[in-house]
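This report refers to the structure that appears directly beneath it.
We did not get these values from a lab; they are worked out from the coordinates using the rules stated. Quantities reported herein were computed from a predicted structural model and do not represent experimental measurements. Heads up, the Cβs are rebuilt from the backbone with ideal geometry, glycines too, and the neighbour counts pull from every protein chain shown.
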Amino acid sequence: MNGQNDNNTYSTRTGLRRIIPRWEYRHLRVIANLRIGISGLLAIFGILTLAYGAYGAYGWTAFWWVLAAAHGSLGFWELTIARSTAPRT
């Protein structure tokens, strides 16, 4: 009846566990690697936009590269969190 719920407001989470959702914290390495892969794909979108775009392509290229940088930095940050936690026993 009172099973564990992801939306439990009475949890005793501390530190980084408060800002990272529970389901994401449980699969942090997978999510981080996925974000890094997506950042590579977004960087490729920026390169393609720059190579084949018309006169106004610089703004779109910057947009793709800013998104790639944001996803990449968030992915590396999550990987450092995943590496710093104690392994489960």
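How far is it, in nm, from the label point at TYR58 to the one at ILE44 when both lie 7 Å from their Cα along the line to the Cβ?
Going by the 7 Å Cα→Cβ label model, 2.7 nm.
Once the piece of chain linking ARG22 and PHE76 is laid out straight, how much longer is it, given 0.36 nm per residue of separation minus the C-alpha distance between them?
Going from the current span to full extension adds 17.6 nm.
Between LEU34 and ALA69, what is the spin-label point distance in nm, taking each point 7 Å from the Cα along the Cα→C-beta axis?
Distance between label points: 2.5 nm.
Sort 68-81, 22-35 by packing, meaning the average of other beta carbons within 10 Å per residue, with the highest value first. Intermediate values should be presented prior to the final figure.
Values: 68-81: 16.1, 22-35: 14.6.
In decreasing order of mean packing, 68-81, 22-35 become 68-81, 22-35.
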